[in-house]
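First the structure, in the form of structure tokens, and then the observations on it.
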């Protein structure tokens, strides 16, 4: 009887291996011979990331050259150039100066960063920021070198910006849209079966438009195939090393996503490395996950703990930008607070007896304690026993006016006082209570890293995820916070501000 059961189990395992092998063979046949499958039904254009960057630079340069030559160059002074320098040489000098300023501005805004090139929002936004910075630098340079009136220079610069801005934004949008069309989408396979590889596949299935990559399936060794026989996977297993070699030789893939390490599968990793000799990109799975999801997978990092740490030192220009942003918003928010204080204060007092403001101790940068101010949105006895409690969905402790304040995020408005006092910033992880920090850092890895930057009124986690009611949701939100801490930039800050405005308009608060 025992032998018969062993024979049946062996037959079932063999059938599963045969099924996976036949599926992989069918997929490979479709790729190699073009007889079936989505890949065979379209013509793919194999352009590398460097090629697309050159296309983007070329289009930007052509548009800028045309508008600059038509609107700026004719108004530049060439007096006194008849003896020493010809007028056309002066025009070339001005064009060269503008090109240098554009390169400097593009470096600051990361206008040609490959990670944002395919985004329909980030790529045009970076071009717009670069153009505005170029116009500001050009205006300052022209006012210093020329003797013309400032209003004349301002009119010329504004006309150039007004014409160039929609042209470049449209061009950038067209390139990003082109990268998402089937002929230009890149084909990829995940080398190795791991938790991070499965997470990437799930993220792309939930929101396939986030990436310009189509993942065909997994490449795994025979041992992995047997181990995963009973485990449901979001993508099919195509095969092992021979399958990978065939895909590389047939140039059926453009990207290899490494979800395994050399010490685990040395032969498989070596096979993947040989694909780079044919121009195939080899990308770590963690980097792909970050770009696709906008968060850092703290549970899948393993030995690569350094990935969750804050990024390199920020540039002085970016720090000035953050200070200016906090100052401008703090002063503007203070004016709004003074205007709304009388009607909101009256509504809060009429709806529920108690103080107008709710003052609570939170942890700021490096764990420093400070008093955070909010409009009171809960009853006075919300924590009658004195113990900190998680807020929950449809919390019964929230008053009627408090629900409106939370939905519009107006309850957070008094925190402009914390921003002006330097205890908070406009953008950053939300400040948390000391009790919750002590609890969460025991169970969530890298939770303390949130305290490496000033807390914010809004942030990447706030616009990407809802309020946290449990420790598991706090883990999810932490991954977004760590992503922001690691990738702080002008564009990301502006993107967060725009999404915050949308959140307020759509009343997506609790």
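The values are calculated or read from the model by the stated rules, or taken from the named source; none is laboratory data. The structure displayed is predicted, hence computed values, not measured ones. Backbone-built Cβ (ideal geometry, glycine too); neighbour counts: all protein chains shown.
A few points about this structure:
- Restricting attention to segment 241-253 and to residues that are within 13 Å of residue 271 (Cβ to Cβ) and either outside the structural domain of residue 269 (by TED's automatic domain parsing) or within 31 Å of the chain's Cα centre (by Cα) (or both), the residue that is surrounded by the most Cβ atoms within 10 Å (Cβ to Cβ) turns out to be 247.
- Of the helices (runs of 4 or more DSSP H) lying entirely inside segment 433-510, those containing at least 2 residues that are under 22 Å from residue 292 (Cα atoms) and touching a residue at least 60 places away in the same chain (Cβ under 8 Å) are 460-464, 471-486, 490-505.
- Filtered residues of segment 274-287 (kept if under 28 Å from the mean Cα position of the chain (by Cα) and in a helix (DSSP H, G or I)): 276, 285, 286, 287
- Residue 256 satisfies every condition listed in (1) closer than 29 Å to residue 177 by Cβ; (2) modelled with pLDDT under 90; (3) within 32 Å of the chain's Cα centre (by Cα) except (2).
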